[in-house]
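Okay, so here's the structure we're looking at.
The values are calculated or read from the model by the stated rules, or taken from the named source; none is laboratory data. The shown structure was predicted, so the numbers you read here are calculated from the model rather than taken from an experiment. Don't worry about glycine lacking a Cβ; one is built from the backbone with ideal geometry, like all the others, and counts go over all protein chains shown. To get the accessible areas, we keep the full protein, side chains included, count just its heavy atoms, and leave off ligands, DNA and RNA. Shrake-Rupley method; radii C 1.70, N 1.55, O 1.52, S 1.80 Å.
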Amino acid sequence: KVSSLAEIRDTASRLDFAKLGINMAELGAFSVGTGPRQVTVFVDPKCPYCHAIIQQIPALAGKYTFRILVVPVLGEESQRLTRMVSCAADQAAAAQAVMTGYRDALPQQEPCNLLPIQKRLVTAQLVGVKGVPYLVAPDGRVKGGVPQDLDSWLEGRS
């Protein structure tokens, strides 16, 4: 039960993908980590701030499972790299490329299903992603940009 203006604001500012009818499996998210709590991260391949977030993920991978949604919002090279990882024949290698900076070309599956990329872009618009990185904590809180301390933010302490 919501009984105060502060609670209304708090409830309205949280994202619940399931309540919105968004099936994460259809978005082609890369999953990193084995933790019981889900974190969703929208990133662009050419975004240096996104790489700053990605570099922090391995240290938290036992505590959280990160769903990384690669969205091409920063131009043609972002589009090329997003397609490269989304269409990779080996999705484990693609996830590794996302984590390490898209250095190597990946063998592609042909034909490539571009629908997950399109669904990611529509989902980003639907949930109000204005820039990347964009984080959704396990409790649904959202943040654009890089938190000073990712773990503290995910825990709701900052």
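For residues that are closer than 18 Å to residue 25 by Cα, open to solvent by 60 Å² or more (accessible area, probe 1.4 Å) and not in a loop (DSSP other than H, G, I, E, B), tally how many sit in the stretch 103-117.
The total comes to 1.
I'd like the full set of residues that are in contact with a Gly (Cβ under 7 Å, 6 or more places away or on another chain), more than 18 Å from residue 82 (Cα to Cα) and open to solvent by 80 Å² or more (accessible area, probe 1.4 Å), limited to the stretch 25-55.
Once the filter is applied, which keeps residues that are in contact with a Gly (Cβ under 7 Å, 6 or more places away or on another chain), more than 18 Å from residue 82 (Cα to Cα) and open to solvent by 80 Å² or more (accessible area, probe 1.4 Å), the stretch 25-55 yields only 34.
In the stretch 62-72, what residues are more than 23 Å from residue 105 (Cα to Cα) and open to solvent by 20 Å² or more (accessible area, probe 1.4 Å)?
Correct list: 62, 63.
For the stretch 120-153: of the residues being in contact (Cβ under 8 Å) with a residue 60 or more places away in the chain and of a type in the set (D, E, K, R), which is least open to solvent (accessible area, probe 1.4 Å)? Write out each step before concluding.
Keep residues of the stretch 120-153 that are in contact (Cβ under 8 Å) with a residue 60 or more places away in the chain, which gives 120, 123-124, 126-127, 129, 132-142, 145-146, 150-151.
Filter once more, so that each one left must be of a type in the set (D, E, K, R): 120, 139, 141, 151.
On the way: 120: 3, 139: 69, 141: 40, 151: 36 Å².
Per the criteria, the residue is 120.
Out of the stretch 73-89, which residues are open to solvent by 20 Å² or more (accessible area, probe 1.4 Å), in contact with a helix residue (DSSP H, G or I) (Cβ under 9 Å, 6 or more places away or on another chain) and in a loop (DSSP other than H, G, I, E, B)?
Correct list: 73 only.
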